[in-house]
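Step one of this worksheet: look at the structure below.
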Amino acid sequence: MKAITSNKWVFLLVIFLVLTNLALVFFAFSSSRPSDQRDQKEYLKTKLHLSEEQGKLFRQKKEDFFAMMKPRWEEVNKLKDSLYQHIGDEQVPDSVVNYYIDKWTESTRESDKLFFRHFQDLRTHCDKDQQAIFDTLVPKMIKYHSKRK
């Protein structure tokens, strides 16, 4: 009799765990990620209340900027890969490590400058009210994205 009762509890526990796993999978895969991505793409447009023309201009400038930056980011990734290929070497001279880190830092510094200039350029296409919002919005965006990394 005790075996039957304990088997019922095990059976109910298994059913409960299966149902909670199904619920977890459902919520994990049905979350609103596509709308989050869409909101992220339209974030500046909605927050700044950009006109259609401004929205198109911002989108085009963003695409051009990312096309220009992609080779730079790839270069940084190659530098990182080259540096970390030496991880298994017994004796890696500091000069080799410093070379890669200096190049990496220089490239990152240039990228940060270009980011700043990009946002300055975008700001010129805003009216006075939009510029006030832009001036507080961009630092928050940069801070948020740097925390995510």
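Computed quantities for the displayed model
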| read-out | value |
| --- | --- |
| Matching residues, the stretch 46-63, being touching a helix residue (DSSP H, G or I) at 6+ places or on another chain (Cβ under 9 Å) and either of a type in the set (A, V, I, L, M) or in a helix (DSSP H, G or I) (or both) | Thr46, Lys47, Leu48, Leu50, Gln54, Gly55, Leu57, Phe58, Arg59, Lys61, Lys62 |
| Test: Ile87 is over 24 Å from Lys61 (Cα atoms), of a type in the set (A, V, I, L, M, F, W, C) and not in a helix (DSSP H, G or I) | yes |
| Which listed residue, of Lys103, Lys56, Lys41, Lys47, is among the basic types (Lys, Arg) and either more than 28 Å from Phe134 (Cβ to Cβ) or at pLDDT 95 or above (or both) | Lys103 |
| Any chance Lys140 is surrounded by 14 or more Cβ atoms within 10 Å (Cβ to Cβ) and either of a type in the set (A, V, I, L, M) or assigned to a helix (DSSP H, G or I) (or both) | no |
| Positions within the stretch 115-134 being surrounded by 13 or more Cβ atoms within 10 Å (Cβ to Cβ) and in a helix (DSSP H, G or I), in sequence order | Phe115, His118, Phe119, Leu122, Arg123, Gln130, Gln131, Ile133, Phe134 |
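The values are calculated or read from the model by the stated rules, or taken from the named source; none is laboratory data. Remember, predicted model here, so these are calculated numbers, not experimental data. Here the Cβ is made from the backbone with ideal geometry for all residues, glycine too, and neighbour counts use every protein chain on show.
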